[in-house]
Number of protein chains: 2
Amino acid sequence: MQNINLPIIDLKQACVKAAHEVIAEKGIEHLSLRDVARKLGVSHQAPYRHYASKDHLLAAVIARCFRDFASFLDARQHFEDPEEDLAAMGGQYIAYAMQHPLEYRLMFGSTWPDTASNSELIRDAVHSFNILRNVLARMHGNSEAALINIDLDAMFIWSNMHGLVTIMQSDAMQYLDLVPHVKNNVPKHVFDMICVAMKSRLSK
Amino acid sequence: MQNINLPIIDLKQACVKAAHEVIAEKGIEHLSLRDVARKLGVSHQAPYRHYASKDHLLAAVIARCFRDFASFLDARQHFEDPEEDLAAMGGQYIAYAMQHPLEYRLMFGSTWPDTASNSELIRDAVHSFNILRNVLARMHGNSEAALINIDLDAMFIWSNMHGLVTIMQSDAMQYLDLVPHVKNNVPKHVFDMICVAMKSRLSK
């Protein structure tokens, strides 16, 4: 992807895309602004017009992953019934993680750069979390107590989803002596158990 | 740790310990038998008496982590009531992960070496999983159907625990705008929800 006459207006986005490619090819620890510049066919100094350091660029890459992830969650089939909607979102969460293991790992399995605290990354990450909060708000309402319960349940559900996909992607599960029926039904069982726990909680 | 006259009988264990230290100091990707030999003050060839390759040694390091982890789970306070016992084990699981992040990552967050399929590693990993299965067997019994349910529930509980500790160790949670009450009560809430789901399931 050589483009020496890249307009300045596009360079910022092009850097993010090129950095993403460098990470995919060489691993996150080998990202450098020099490689990004080389990939874009621009001077070594050019990326610095938009990113003060490699870490600023890395934060932008992870932020873009969060925006894609949020769009993917939003593209689920939507349901009137919040429980069905929650299940649809869970299915979409797993599909994203399995289809985009690198991006998933960048968001949830790697150390964010120190520059993250002042970046769009936080905003985009919170936006993804808010998609889950919004579905739970349809169950809990919007009182002050409800806001606490929404966040506790969001953390419970997120723990389940994150644990499930990282275990499914790991070697540990592969080597366990589970019968095929169990292996194939783990996601469904996890959804069922979340649903049971939520129903019991909401009926109180 | 220099010991030129290390008896052969101890070299095998010493290699595992030294490899663990090299990983802690330099990272898993920089483990080499050469560094292990240097650390032990033995010839470069000496570790090969016990480990055919770096990967064989790495599998032995991870296996040792699983044995320590299993001992830690077994050292929990034991209860007659299986639900209380399950909660005690969950607390112990979290404590281990938070106190031993490197070892936790080696077991559950890294790619196992290809040699794993023929090693003690699988046996030790399954042994850890069996600790959870054994508590669940006290709830479900030992019928054929029960064995399926034990494994489905074990995967549900493990997903929760693994998701919880990796999220707590990640940057993503740190940057979420959660109020302190929520942050402090996430583990308790996750335990409560597991307990509710299990109770409902067992009462059917």
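Among the conditions (1) more than 7 Å from chain B (Cβ to nearest Cβ); (2) under 16 Å from the mean Cα position of the chain (by Cα); (3) surrounded by fewer than 19 Cβ atoms within 10 Å (Cβ to Cβ); (4) of a type outside the set (Asp, Glu), the only one that A:Ser128 does not satisfy is (3).
Being touching a residue at least 12 places away in the same chain (Cβ under 8 Å) and either in a loop (DSSP other than H, G, I, E, B) or at the interface with chain A (Cβ under 7 Å from one of its Cβ atoms) (or both) is the filter here, so list the residues in the stretch B:162-183 that pass it. Of everything in the stretch B:162-183, those that are touching a residue at least 12 places away in the same chain (Cβ under 8 Å) and either in a loop (DSSP other than H, G, I, E, B) or at the interface with chain A (Cβ under 7 Å from one of its Cβ atoms) (or both) turn out to be B:His162, B:Leu164, B:Thr166. Examine the stretch B:139-156 for a residue that is under 28 Å from A:Thr111 (Cα atoms) and in contact with a helix residue (DSSP H, G or I) (Cβ under 6 Å, 6 or more places away or on another chain), and state whether such a residue exists. For the stretch B:139-156, residues under 28 Å from A:Thr111 (Cα atoms) and in contact with a helix residue (DSSP H, G or I) (Cβ under 6 Å, 6 or more places away or on another chain): present. Would you mention how many residues in the stretch B:184-204 are among the small types (Gly, Ala, Ser), free of Cβ contacts under 8 Å to residues at least 24 places away in the same chain and facing chain A (nearest Cβ under 7 Å)? Residues meeting the conditions: 1. Among the conditions (1) in the same structural domain as B:Arg138 (by TED's automatic domain parsing); (2) in contact with a Pro (Cβ under 8 Å, 6 or more places away or on another chain), the only one that B:His56 does not satisfy is (1).
Residues in the stretch A:55-112 that are more than 20 Å from A:Asp35 (Cα to Cα) and among the acidic types (Asp, Glu): A:Asp68, A:Asp74, A:Glu80, A:Asp81, A:Glu83, A:Glu84, A:Asp85. Within the stretch A:98-118, being within 14 Å of chain B (Cβ to nearest Cβ) and farther than 17 Å from A:Ile23 by Cα holds for A:Asp114, A:Thr115, A:Ala116, A:Ser117, A:Asn118.
Filtered by the rule that a residue be surrounded by fewer than 18 Cβ atoms within 10 Å (Cβ to Cβ) and at pLDDT 95 or above, the stretch B:49-69 gives B:Arg67, B:Asp68.
Kindly indicate the residue of the stretch B:135-160 that is closer than 15 Å to A:Leu176 by Cα and surrounded by fewer than 19 Cβ atoms within 10 Å (Cβ to Cβ) and also farthest from the other protein chains (Cβ to nearest Cβ) among those meeting that condition. Ranking the qualifying residues of the stretch B:135-160, first place goes to B:Leu147. Scan the stretch B:118-163 for residues that are touching a Pro at 6+ places or on another chain (Cβ under 9 Å) and within 16 Å of B:Lys199 (Cβ to Cβ) and jot them down. B:Val135, B:Leu136, B:Arg138, B:Met139 - these are the residues of the stretch B:118-163 that are touching a Pro at 6+ places or on another chain (Cβ under 9 Å) and within 16 Å of B:Lys199 (Cβ to Cβ).
The values are calculated or read from the model by the stated rules, or taken from the named source; none is laboratory data. In this text, all values refer to a predicted model and were calculated from it rather than measured experimentally. Here Cβ is always computed from backbone atoms with ideal geometry, including for glycine, and neighbour counts include all displayed protein chains.
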